[in-house]
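The values are calculated or read from the model by the stated rules, or taken from the named source; none is laboratory data. These numbers come from a predicted model, not from an experiment. Virtual Cβ from ideal backbone geometry, glycine too; neighbours counted across all protein chains shown.
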Amino acid sequence: MNIILLGPPGAGKGTQAQFLVEDRNMVQLSTGDMLRSAVKEGTPVGLKAKAVMDAGQLVSDEIVSALIGDALDKLDTDTGVIFDGYPRTAAQAESLDELLATRNRSLQHVIELDVDVDALIERITGRFTCANCGEGYHDTFKTPAKDGVCDKCDGTEFKRRPDDNAETVRKRMEEYRGKTAPILPIYDKRNIVTRVDGMADMASVRAEVAKVLDS
Ligand code: AP5
């Protein structure tokens, strides 16, 4: 099964993708994570992407589609994939169709996380991750069980994303509204879109997403 998780910054795409990895042995392909690794490693892609990401704008379609193609090539055809943060433009949606078709894959579901954009600023600015294993947390909605210690790996260092400040988030929202939301009708026409209430608590969203995949 191949699915897309779609929604604005902070909608919970990464959170729900991680649940699906745990629950169904699917693989999460997050272009945001791939680009952040490239920036960290200082690869040519990372060097190109850094300033664009810091400004809250979209990295070029060619770069992200190439990252997805390379990642798909490393997987067996029967491994289920969650596309998290891709596609984000009409050109990327077209590329994804091609990338899937040439690898004997098809798309079963597009899940749109429906959220109140005003609440997202709080979600994003409160987000942090374990510097060691990458486990995600939130100042209010998901704190480590023991203060200052990662639940997963006992790490004690945490980090915040440089693009998680209010000004950049506003730009990211604008990019979503202008370039990503308009691709939904492409999938609506194929009758594969389900809207899930992304404002519910994480466990309820997880249960709703599971229902969609089991339908
Ligand atoms: P990317 O990393 O994809 O960021 P994003 O789309 O802005 O999404 P986020 O990771 O911010 O949010 P999320 O929906 O995953 O929410 P999360 O689960 O973390 O992209 C970053 C940048 O890379 C882009 O701006 C662009 O420059 C570039 N890029 C990436 N892909 C690209 C592409 N395809 N084309 C071009 N450029 C691209 O949740 C957020 C917080 O809320 C967390 O703390 C979480 O704990 C909490 N939370 C989650 N769900 C709930 C809930 N139900 N209730 C309460 N809190 C919740």
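If I filter the range 9-17 for residues that are within 8 Å of the ligand (Cβ to nearest atom), in a loop (DSSP other than H, G, I, E, B) and in contact with a Lys or Arg (Cβ under 7 Å, 6 or more places away or on another chain), do I get at least one hit?
Looking for residues that are within 8 Å of the ligand (Cβ to nearest atom), in a loop (DSSP other than H, G, I, E, B) and in contact with a Lys or Arg (Cβ under 7 Å, 6 or more places away or on another chain), one finds at least one in the range 9-17, hence yes.
Within the group 91, 66, 119, which residue is hydrophobic (A, V, I, L, M, F, W, C) and modelled with pLDDT under 95?
The unique qualifying residue is 119.
Just give me the residues in the range 123-134 being within 26 Å of residue 210 (Cβ to Cβ) and near the ligand (Cβ under 10 Å from one of its atoms), in sequence order.
Passing the criteria: 123, 124, 126, 127, 129.
Go through 214, 147, 201 for me and flag whichever is within 16 Å of residue 5 (Cα to Cα), loosely packed, with under 15 Cβ neighbours inside 10 Å and of a type outside the set (A, V, I, L, M, F, W, C).
214
Identify, from the list 206, 170, 190, 195, the residue that is under 17 Å from the mean Cα position of the chain (by Cα) and surrounded by fewer than 17 Cβ atoms within 10 Å (Cβ to Cβ).
The match here is 195.
Can you pull out the residues in the range 29-40 that are crowded, with 20+ Cβ neighbours inside 10 Å and more than 9 Å from the ligand (Cβ to nearest atom)?
Selection gives 29, 38.
For the range 174-215, what are the residues that are assigned to a helix (DSSP H, G or I), under 20 Å from residue 24 (Cβ atoms) and among the small types (Gly, Ala, Ser)?
203, 204, 207, 210 - these are the residues of the range 174-215 that are assigned to a helix (DSSP H, G or I), under 20 Å from residue 24 (Cβ atoms) and among the small types (Gly, Ala, Ser).
For the range 21-30, state whether one or more residues are closer than 21 Å to residue 215 by Cα and of a type in the set (S, T, N, Q).
Scanning the range 21-30, I find at least one residue that is closer than 21 Å to residue 215 by Cα and of a type in the set (S, T, N, Q), so the answer is yes.
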